[in-house]
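Notes follow the structure.
Only the coordinates and a few stated rules stand behind these numbers; no lab work does. Note that the structure is a prediction, hence the values are computed from the model and not measured. Backbone-built Cβ (ideal geometry, glycine too); neighbour counts: all protein chains shown.
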């Protein structure tokens, strides 16, 4: 565990908590893509099946349980408790265009052709693109609430910090996982445009809105 | 070494 990995995990946790609190405090999930949140719940479910097969550390187990629980809580708030505030008309990204190719790819390109490993690979590939429905929704409405941009910032920062973690681990531990690294690079690149808007607009106190 | 299992990262 190095500092980049730890801050990456904490950044991920911050993103998840920010989103949950935003929905809970405002009693509304307006502007949030339920589809992205469903995909993230699927990502955590398929990745953390190893909770049943191997124990790594108390930290590892607790974080996994927190991520899974929070992602299901978020989906519950969007599709059940605050369903009336869910902006389904703008959440129109076709998720099958992500899930089907990603499913196919995880069968073709993986470290080991076993059920758990394929599901882990699926989750890594799916996570890299799971934010697309949310970004699509923002591009459609042309704006995002500031709190939503904070959520996106920490969610993007998490994978960027993991990239530094992987460079660190390559040099100091000889650790290298090509699948995770390539997917992590793709995932981080998807946030670049947003990072630019976040720094040039949101951090200067302006609302994130896109030109019409 | 592909570090297949266990997965120590989240």
Of the peptides A:150-160, A:91-101, how do they stack up when ordered by the mean number of other Cβ atoms within 10 Å, highest first?
-> A:150-160, A:91-101
Select from A:102, A:182, A:75 the residue whose mean-square fluctuation is largest in a Gaussian network model of chain A (Cα-Cα springs shorter than 10 Å).
-> A:182
Rel. contact order, % - alpha carbon contacts under 8 angstrom, at least six apart, region A:1-71 = 41
Across 5 Å bins from the origin, how do the percents of Cα pairs in region A:91-156 run, short distances first?
-> 3, 16, 22, 17, 15, 12, 8, 5, 1
Name the most mobile residue of A:44, A:113, A:195, meaning the one with the largest mean-square fluctuation, in a Gaussian network model of chain A with Cα contacts below 10 Å.
-> A:113
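After finding the eigenvalues of the alpha carbon gyration tensor for region A:90-212, what semi-axes result from the square roots of 5 times each, listed largest first in whole Å?
Numbers: eigenvalues 177, 81, 14 Å².
Listed largest to smallest, the semi-axes of region A:90-212 are 30, 20, 8 Å.
Would you calculate, for the protein assembly as shown, the mean residue ellipticity at 222 nm contributed by helices, counting each DSSP H stretch of 4 or more residues as -39,500 (n - 2.57) and dividing by all residues, to the nearest 500?
-22500 deg cm²/dmol, from helical runs alone.
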Compute the long axis of helix A:96-108 from its Cα atoms, compare it with the longest principal axis of the Cα atoms of chain A, and write down the angle in degrees, 0 to 90, nearest 10.
-> 10
Taking only C-alpha positions in chain A, Rg and Dmax in angstrom work out to 17.1, 51
Any idea what angle helix A:115-129 forms with the longest principal axis of chain A, computed on alpha-carbon atoms, 0 to 90 degrees, nearest 10?
-> 40
What angle, in degrees between 0 and 90 and rounded to the nearest 10, separates the Cα long axis of helix A:178-200 from the longest principal axis of the Cα atoms of chain A?
-> 20
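Specify whether the C-alpha gyration tensor of region A:1-61 places it in the rounded, prolate or oblate class, a ≥ b ≥ c being the square roots of the eigenvalues: rounded for a/c under 1.5, otherwise prolate if a/b is larger than b/c and oblate if not.
Working: a/c = 2.66, a/b = 1.57, b/c = 1.69.
Since a/c reaches 1.5 but b/c is at least a/b, the shape of region A:1-61 is classed as oblate.
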Using only the alpha carbon atoms of region A:28-119, find the Kirkwood hydrodynamic radius as the inverse mean reciprocal pair distance, in angstroms to one decimal.
-> 14.9
What average count of beta carbons from other chains do you get within 10 Å of the Cβ of residues in A:7-15?
-> 1
Rounded to the nearest Å, what's the spacing between the alpha carbon centres of region A:28-45 and region A:144-212? Just the number, please.
-> 18
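What number, in percent, do you get for the relative contact order of chain A if the mean sequence gap of Cα pairs under 8 Å and at least 6 apart is divided by its residue count? Numbers along the way, then the final one.
Details: 252 pairs, mean separation 66.3, N = 212.
Once normalised by length, the contact order is 31 percent.
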